[in-house]
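Below is one structure, written out as structure tokens, with a few remarks after it.
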Amino acid sequence: MKTLLICHHDEPLNRIGVARWLASFSELVGVVQVEEPRRRLWRRIRRELRRVGLVRFLDVLAYRAYDRLLVTREDRAWEARELERLCAAYPPVHPRTPLLVTAGPNTPEAAAFIRRGAPDLLLARCKTILKREVFALPSRGTFVLHPGICPEYRNAHGCFWALANDDLQKVGATLLQVDEGVDTGPVYRYFSYPYDEVSESPFVIESRVVFENLDALREELIALAEGRAARVETSGRPTATWGQPWLTKYVRWKLRARRRRSRITAFCGSRW
């Protein structure tokens, strides 16, 4: 099975960890490493501002400030430990594996690079919606490991919004095939783990729903390449697109989670 990875240069869990994992069970025929220009960030900011309005966008900025000041250091420490674990579990990618550094996954050079590699499967670990002339290139399709349960939690930060909505059974990742919509393609499998909503951050939870399930993901990708994977029926279920986290939602979620933990602890104590 020939695979190809699209990822961002500043996300080592994907750039190094996922690349090593893919190369451990498939022929990794290339890595497209995206280094986005700053104007693309401003484009995302303007899109989010139009989507939620000025007041809610201030809520988004407040969450970003809180996260950077109080959470990011612990997230980076966890990320370093997780990367160390992945590097111990999977050998390095062959040094001759083709690498393309590009400003975006939809560039003509990215399409040409993918075409030359002729992968059976393409795994997209990037924020950009892929165009048909890119996602249609692999013979068996292009797939994403979306950190959210689809179709209920499409687009961005699906795990965060499931937790913010107290929808605890919908905290997980979705393996789905890319189409022209936003996480609207065929769903093949869901993944989760026993997360700790009190002590774990959104970043850690959204990462662990993927990285705690690499063995099962490997088997599903092999089944997809062999044409024996079964789709999950999702028709009739509610669907929605979500955006960036809000600080107000984050605070309410964490307070609710702590109250829930306190009630459980009190109940268990009374039983003893």
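Nothing in this text is a laboratory measurement; each read-out follows from the coordinates by a stated rule. Keep in mind the model is a prediction, meaning the values are calculated, not measured. Glycine also receives a Cβ, built like all others from the backbone with ideal geometry; neighbour counts cover every protein chain displayed.
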*Pick from Gly158, Gly172: which is of a type in the set (Gly, Ala, Ser) and touching a residue at least 40 places away in the same chain (Cβ under 8 Å)?*
Gly158
_Residue in segment 90-115 that is surrounded by the most Cβ atoms within 10 Å (Cβ to Cβ), counting only those that are part of a helix (DSSP H, G or I) and without any contact (Cβ under 8 Å) to a residue 40 or more places away in the chain_ = Ala111
*asked:* Cβ contacts < 8 Å: first residue β-branched (Val, Ile, Thr), restricted to segment 1-23; second residue in a helix (DSSP H, G or I), any location; separation 6+ or different chain. Result?
replied: Thr3/Leu22; Thr3/Leu221; Ile6/Ala110; Ile16/Leu83; Ile16/Leu86; Ile16/Cys87
_Where the second residue is aromatic (Phe, Trp, Tyr) and exposed (fewer than 14 other Cβ atoms within 10 Å of the Cβ) and the first is under 24 Å from Leu122 (Cα atoms) and lies in segment 26-46, which pairs have Cβ atoms under 9 Å and are six or more apart or on separate chains?_
none
